[in-house]
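Asker: Sharing a structure here in C-alpha cells format.
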Amino acid sequence: QVQLVESGGGLVQPGGSLRVSCAASGTISSIYLMGWYRQAPGKQRELVAIITNSGRTSYHDSVKGRFTISSDNVKNTVYLQMDSLKPEDTAVYYCKADIKRRGQINAYDYWGQGTQVTVSS
C-alpha cells in the first residue's frame, strides 16, 4: 500500500504565506515525480506545481514567482511554500505522486486526501 498524507492547510489573510506538506509512505521503490494540484468550488482541478526526482520544477503561470515547490527525497516528502497569497488561491490542495512500488514494474499515480487553503480577510 501507498499513502500520501497532506498537512499544513488553513486560513490566511491576503498577502500572507502558508506551507503545505505531503508525505508518501508504504511499500515504495521509487518516486519519479510529485506535485500539487488544486480545485476551487465549481472549477476543475488544475496543476499548481510539480517536481521531478532530479529536482526539475514546473509551475502554473498564475503562481510563478509566488509559490515554490521543493522535496526531500529521503523523507519522500514534497512541500509547497505559498507566498503573497490571493483570494483566488483558495481551494482544496491535493498532492499527487508517480510511484513505483516494490515488486512492481510500472509506476502509478497516487493522490492525497486534500487540504483546504482559504485566503480571506
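Asker: So the check is Cβ under 6 Å with 6+ separation or different chains; which pairs have a first residue in region 90-102 that's of a type in the set (Gly, Ala, Ser) and a second one that's open to solvent by 40 Å² or more (accessible area, probe 1.4 Å) and assigned to a strand (DSSP E or B)?
Answerer: Ala91/Gln39; Ala97/Tyr110
Asker: A further question on this structure: Sort through Gly42, Gly15 and tell me the only one that's free of Cβ contacts under 8 Å to residues at least 12 places away in the same chain, open to solvent by 50 Å² or more (accessible area, probe 1.4 Å) and over 15 Å from Asp109 (Cβ atoms). Before you say what the answer is, go through the steps one by one.
Answerer: Values: Gly15 fails: free of Cβ contacts under 8 Å to residues at least 12 places away in the same chain.
Answer to the selection: Gly42.
Asker: Can you spot a residue in region 94-101 that is assigned to a strand (DSSP E or B) and of a type in the set (Asp, Glu)? Give the steps one after another, and end with the answer.
Answerer: Start the filter on region 94-101 by keeping residues that are assigned to a strand (DSSP E or B), which leaves 94-101.
Imposing the further condition that a residue be of a type in the set (Asp, Glu) reduces the set to 98.
Yes: region 94-101 contains one or more residues that are assigned to a strand (DSSP E or B) and of a type in the set (Asp, Glu).
Asker: Can you name the number of the only condition in (1) under 18 Å from Gly9 (Cβ atoms); (2) surrounded by fewer than 18 Cβ atoms within 10 Å (Cβ to Cβ) that Asp72 fails?
Answerer: With (1) under 18 Å from Gly9 (Cβ atoms); (2) surrounded by fewer than 18 Cβ atoms within 10 Å (Cβ to Cβ) applied to Asp72, the lone miss is (1).
Asker: Hey, another quick one. Those residues that are assigned to a strand (DSSP E or B), closer than 30 Å to Leu11 by Cα and in contact (Cβ under 8 Å) with a residue 24 or more places away in the chain, I need them from region 103-121; list them, please.
Answerer: Just the residues of region 103-121 that are assigned to a strand (DSSP E or B), to begin with: 107-111, 115-119.
Now drop any that are not closer than 30 Å to Leu11 by Cα, which leaves 109-111, 115-119.
Matches in region 103-121: Tyr110, Trp111, Thr115, Gln116, Val117, Thr118, Val119.
Asker: Run Ser25 past the list (1) in a strand (DSSP E or B); (2) open to solvent by 40 Å² or more (accessible area, probe 1.4 Å); (3) farther than 15 Å from Trp111 by Cα; (4) touching a residue at least 12 places away in the same chain (Cβ under 8 Å) and report the number of the one that doesn't hold.
Answerer: (3)
Asker: Now, a different point. Of the conditions (1) open to solvent by less than 20 Å² (accessible area, probe 1.4 Å); (2) part of a strand (DSSP E or B), Tyr32 satisfies every one except a single condition; which number is it?
Answerer: (1)
Asker: Among Tyr37, Tyr79, Tyr59, which is crowded, with 16+ Cβ neighbours inside 10 Å, in contact (Cβ under 8 Å) with a residue 60 or more places away in the chain and not hydrophobic (A, V, I, L, M, F, W, C)?
Answerer: Values: Tyr37 fails: in contact (Cβ under 8 Å) with a residue 60 or more places away in the chain; Tyr59 fails: in contact (Cβ under 8 Å) with a residue 60 or more places away in the chain.
Matching residue, one of Tyr37, Tyr79, Tyr59: Tyr79.
Asker: In the list Tyr94, Tyr59, which residue meets the criterion of being out of contact with any Pro (no Cβ under 8 Å at 6 or more places or on another chain), closer than 26 Å to Gln1 by Cα and of a type in the set (Ser, Thr, Tyr)?
Answerer: Tyr94
The values are calculated or read from the model by the stated rules, or taken from the named source; none is laboratory data. All values derive from a computational prediction rather than experimental measurement. For neighbour counting, all protein chains shown are included, and Cβ atoms are generated from backbone atoms with ideal geometry for every residue, glycine included. To get the accessible areas, we keep the full protein, side chains included, count just its heavy atoms, and leave off ligands, DNA and RNA. Shrake-Rupley method; radii C 1.70, N 1.55, O 1.52, S 1.80 Å.
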